[in-house]
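The values are calculated or read from the model by the stated rules, or taken from the named source; none is laboratory data. No experiment lies behind these values; they were computed from the predicted model shown. Note: ideal-geometry Cβ built from the backbone for every residue, glycine included; neighbour counts use all protein chains shown.
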Amino acid sequence: MKRRYVYAAIGALYSIALLSCGDSFKEKTELVRCEVSTYDLTFEVSPTEVQTVDITSETEWKVAVDQGGGDWLTVSPPEGTGNGTITVSAGKNSGPRRGATLTVAARNAELRTVTIIQDGYNGFIYHYGDFEGLQKVGLVAGIDPITIVDNDECEDGKALRIYTRPGEEYSGTNGDRFKVQTTTQFGSGRYEWRVYVPKFGMNDRTSIGAFVYFDDAHELDFEICSGTAAARSAHNAGPDDMLCLVSSQANPFFSEYTPIKADAWHTFVLDLKLENDKYLAEWLVDGKSLKKAQLDYGEETYFRAISSVENLYGMGDHAATQENYALFDYLEYVPYDYSMKPIVEGELPPEPEGTTTRWDFESEEIPADWTNAGGTIANGTLNLPNGTSFVYGPEVGPGKYTWEIDVPAIGTGEKWLAGGNIAATNAEERSFSMFVFPGTEDDRAACQVTPLPGQMLVRCYTESLGVYGVPVNPGKHTLTIDLRLKDGAYSAAWIIDGDVVKTFDTWYTPEEFRFGFSFVTFANGGGWQGDRDTQGTYMASYDYFEYKKYEY
């Protein structure tokens, strides 16, 4: 139980304390020794350790604490005799920098004062009253697996609830894998999730995730699952336990299990400090350290923080036998003084210098360096119907690619896409693209903003990101792919009518990949295009293309 020891005046501690004493008293009274081991204590925003003050004294002493009207410090013991140690602990600070004073008074001794400072809160906290600053990932048509529910055990009375469905058809890579991730990316700092962990179906292949992700080789996880029978036996898991897996997917790889209680709230902390410019990672559950490891990389790799429930192979012995869920109270990130500045989605630094080339079709001739495969030019517009393309000859690289497209209205699920594609010419499956398409019901359900009937989607894509869909109305739109270099690799932004809708940093480098630029209208191809053939021939029309080649 927390106790406060605040005194209105130090003189009230002892009736004979040295307050306003005259010279005659000093002549008659010999001062006794009373020393403290430190005169300053500093606490982090979310302190995990108790600090101490050693007292050296020849007599009785008492402690007074002035917290400025607050109640955030715990000091023990409040008094003692002779040499002793005071323990001081601080609660988590959710406000500005704050201070307190701790005064030690002993009979016939000089007062000793310790100044206590706690750093101000400068982090990000995501309560789940809404999805501001968050994105839903992995949604499919027909269900709503990610919702906000009332819960009086949560700080703000709201919890994020994520569930997955039972059955083999909802398992594995293409099964139920529902996530909520931050739009902002972070580096070193303290990541904290408070999660309610229910009891899953025994040995179900389902996991609760609290993790940070850059790419598949740079992922740090808490995965909470029932586990396989073999894993449960190896770690002496009881019938009311779940298994908590802490892991690094690579650089270096490791994974270790620890049993934790089911049907309980738990706090999961991933602490990333920098040591010799590399991450020193520590995994803690309910304040207990489970793993500490030096990683092979530092803040050149930065993360989105993710909360998830997924049906994953390896998490158990069989497909889920029941609807499994988790509740998330909050996700918090607190940087260190040296941490990198967070990368906020939608904010781009000033454009690099470069040379801009613009092509339009007013002359109704094919511009130099372009090859037309089936398109037509009329009335100042390039028209590309089903199965046609318009290809730029020279190699391209970092730059800003912009075009104006007239988007037709097409029925949901029809196999049709049109737009710009920046694709590697010396490798497969490396591209940046921005196509308009109607999308399947699942494509439309996966959008962060629910499409309205009749709307089309803009399909923002690169392989390391996957598909990110944004609804737009049929009609004219200006689309842009902005490719810059960050730490030697491509960083992409997808922009619709001047608004940045998605940013993503890849590991692709100009040295490894050569790119070409084209406009394509696909129709009646593979399943990625849709789930039914087109009902007619549709036209994508372009007023102009523009390419600003950045200078690096």
Cβ-Cβ below 9 Å, separation at least six or inter-chain, first residue in segment 403-423 and in the same structural domain as PRO451 (by TED's automatic domain parsing) and within 15 Å of THR381 (Cα to Cα), second of a type in the set (Lys, Arg) and assigned to a strand (DSSP E or B): which pairs? GLU404/LYS476; ILE405/LYS476; ASP406/LYS476; VAL407/LYS476; GLY419/ARG459
Would you kindly identify the strands (runs of 3 or more DSSP E) lying entirely within segment 487-552 that contain at least 2 residues that are of a type outside the set (Ser, Thr, Tyr), under 22 Å from TRP359 (Cα atoms) and not assigned by TED's automatic domain parsing to the domain that holds TYR302? 489-496, 515-523, 539-550
Those residues of segment 182-206 which are in a strand (DSSP E or B) and either of a type in the set (Val, Ile, Thr) or over 18 Å from the mean Cα position of the chain (by Cα) (or both), in sequence order: THR182, VAL195, TYR196, VAL197, ASP204
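Residue by residue, here is whether (1) aliphatic (A, V, I, L, M); (2) part of a loop (DSSP other than H, G, I, E, B); (3) in contact (Cβ under 8 Å) with a residue 60 or more places away in the chain; (4) surrounded by fewer than 17 Cβ atoms within 10 Å (Cβ to Cβ) holds:
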{"site": "GLU282", "(1), (2), (3), (4)": "no, no, no, no"}
{"site": "GLU299", "(1), (2), (3), (4)": "no, yes, yes, no"}
{"site": "ILE306", "(1), (2), (3), (4)": "yes, no, yes, no"}
{"site": "GLY316", "(1), (2), (3), (4)": "no, yes, yes, no"}
Restricting to segment 138-152, name every residue that is closer than 23 Å to THR412 by Cα and under 23 Å from the mean Cα position of the chain (by Cα). GLY138, LEU139, VAL140, ASP144, PRO145
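Rundown of residues vs (1) over 21 Å from the mean Cα position of the chain (by Cα); (2) within 30 Å of ALA229 (Cβ to Cβ), yes/no style:
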{"position": "ILE260", "(1), (2)": "yes, yes"}
{"position": "ASP263", "(1), (2)": "yes, yes"}
{"position": "LYS273", "(1), (2)": "no, no"}
{"position": "ASN276", "(1), (2)": "yes, no"}
It is to be established whether one or more residues within segment 118-126 are of a type in the set (Ser, Thr, Tyr), free of Cβ contacts under 8 Å to residues at least 40 places away in the same chain and under 30 Å from ARG304 (Cα atoms). no
For segment 455-471, does any single residue satisfy the condition of being without any contact (Cβ under 8 Å) to a residue 24 or more places away in the chain and not in a loop (DSSP other than H, G, I, E, B)? yes
SER541 being more than 25 Å from GLY380 (Cα to Cα) and touching a residue at least 24 places away in the same chain (Cβ under 8 Å): no
Looking at segment 379-390, can you tell me whether even one residue there is in the same structural domain as THR503 (by TED's automatic domain parsing), surrounded by 19 or more Cβ atoms within 10 Å (Cβ to Cβ) and either in contact with a Cys (Cβ under 8 Å, 6 or more places away or on another chain) or assigned to a loop (DSSP other than H, G, I, E, B) (or both)? no
Could you please give the count of residues in segment 355-397 that are on the phi > 0 side of the Ramachandran plot and under 44 Å from the mean Cα position of the chain (by Cα)? 2
From the list VAL75, VAL45, VAL63, which one is modelled with pLDDT of 95 or more, under 27 Å from ASN122 (Cβ atoms) and not small (Gly, Ala, Ser)? VAL75
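Rundown of residues vs (1) aliphatic (A, V, I, L, M); (2) over 22 Å from SER207 (Cα atoms), yes/no style:
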{"site": "GLU132", "(1), (2)": "no, yes"}
{"site": "VAL149", "(1), (2)": "yes, no"}
{"site": "ASP156", "(1), (2)": "no, yes"}
{"site": "ALA159", "(1), (2)": "yes, no"}
{"site": "ILE162", "(1), (2)": "yes, no"}
{"site": "ASN174", "(1), (2)": "no, no"}
{"site": "LYS179", "(1), (2)": "no, no"}
Would you pick out the residues in segment 352-378 that are assigned to a loop (DSSP other than H, G, I, E, B) and out of contact with any strand residue (DSSP E or B) (no Cβ under 6 Å at 6 or more places or on another chain)? GLU353, GLU362, SER363, GLU365, ALA368
